[in-house]
1. For the protein assembly as shown, what are Rg and Dmax over the alpha carbons, in angstrom?
2. Would you tell me the mean number of C-beta atoms belonging to other protein chains that fall within 10 Å of each C-beta in B:129-136, as a whole number?
3. Show me the trypsin sites (Lys or Arg not before Pro) within region B:55-140 that DSSP assigns to loop and that have at most 10 other Cβ atoms within 10 Å of their Cβ.
4. Would you mind working out the magnitude of the charge dipole of the protein assembly as shown relative to its Cα centre, with +1 at each Lys and Arg C-beta and -1 at each Asp and Glu C-beta, to the nearest 20 Debye?
5. Looking at region B:49-116, which chymotrypsin sites (Phe, Trp or Tyr not before Pro) are in a loop (DSSP not H, G, I, E or B) and have at most 13 other Cβ atoms within 10 Å?
6. What size of dipole, in debye to the nearest 20, comes out for chain B about its Cα centre when the only charges are +1 on Lys and Arg C-beta atoms and -1 on Asp and Glu C-beta atoms?
7. Would you calculate a helix-derived [θ] at 222 nm for chain B, using -39,500 (n - 2.57) for each DSSP H run of n ≥ 4 and dividing by the full residue count, to the nearest 500?
8. How about B:Lys182: which lysines have a C-alpha closer than 28 Å to its C-alpha, ignoring those fewer than 8 places off in the same chain?
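What follows is calculated from the coordinates using simple rules that are stated; it is not laboratory data. This one's a predicted model, so the numbers in the text were calculated from it and none came from an experiment. Glycine also receives a Cβ, built like all others from the backbone with ideal geometry; neighbour counts cover every protein chain displayed.
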Amino acid sequence: MTTVVFNRRTLLAGSVFVTGVFAAGVSGLLLPARAEGVAPTDSMSGGANNYRKGAPIVDRIGKGGFWMSGSVRRAGDGAPLAGQRIQIWAHTVEGQEHEPQSHGATLTDKDGAFRLEMPQIIPIFGQPHGHLAYDSGEFKTVFLRPVMRSAKETSLEAHFVLQAA
Amino acid sequence: MALIWVALAAAVGVPIAAAAMSPLLAWRGPVYILAGFAGMIALGLVLVQPLLIGGYLTPLSAYRGRRAHHWIGGALVVAVVIHVAGLWITSPPDMIDALLFSSPTPFSPFGVIAMWAIFTVALLAALRRRLGLRLRTWRMVHIPLAIVIVAGSVVHCLLIEGTMETVSKAALCALVLAAAIKVMADLWMRRKRGTLRGESIARQ
């Protein structure tokens, strides 16, 4: 669905690198001018698959038991972005990826962090993975598709660095 | 003599039976389940093919083994079509990504390449007489494609985290590789001994 420039591994490596640069910038090891290099997160290939526009903001998707968490920051200075709507969906024990009950959204807190409880993700199409989207329009839309290290894990993280639309 | 049949039944049957007991099935729709099992059956047929053509499935005669190899080849095409169609119905965007080689899953391109190799062999086999392909030419086309099919299928299968149980899946994949290597090594040895020439003249 999305244009593929990078595969998941390079994107993951990239996001780890970005996180490292950000942490280094915060700890004062980098000059403020260098910290402007916090690169935006690119959409992952397959990230937008089975996306549904406008999933409602919910306290929890279904009966819960699994935690999706992450952060949203601004490209350049890496400032945390509060109140950003992040949409989450996956194939879980309560429904397939495309079904409405598998979708929900949440907002980031003042530190740019988000955390949403959802049903246990199970392997689908050969990998246990989740989908996340930033699609509110203020910044450029980003679709992520993080993969769990093991299907037994009960949490998953994804981090966004957004650039102006 | 019967041992090879028992071994073959176990090699294909045990992983399929183990997959049938997977807890993941509870959260899948019937079409997705069918697609998954069609893929496993296809892998089983990829094991049967070299055994048939190598004449290891006694008491089948060489002629009947070759006839069965043709029919099983057709069945392999059908199994792959069910596998791909079922996955397409289950999640169209994921299947389209795979077919366009833009899928994030590392196993997808191996499966898609094996699929095209299977379709190519089947098409050429159906047209072989019309194209007037001699045995030697046919083998020059079929053997490299068979290697692509075997290697692609095995890597595709091993990298998938799905309903198949790990040990029985790895065992089936190892046997698929072993059978393909064995039949090609035998063919090479026969050709080296020079018996091939007489054989191919007799057959043409």
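1. 25.4, 83
2. Across B:129-136, the average partner-chain Cβ count within 10 Å equals 0.
3. Qualifying residues, ordered by number: none.
4. 2340
5. The qualifying sites are B:Phe101.
6. Its charge dipole is roughly 1440 debye.
7. -28000 deg cm²/dmol
8. B:Lys169, B:Lys192
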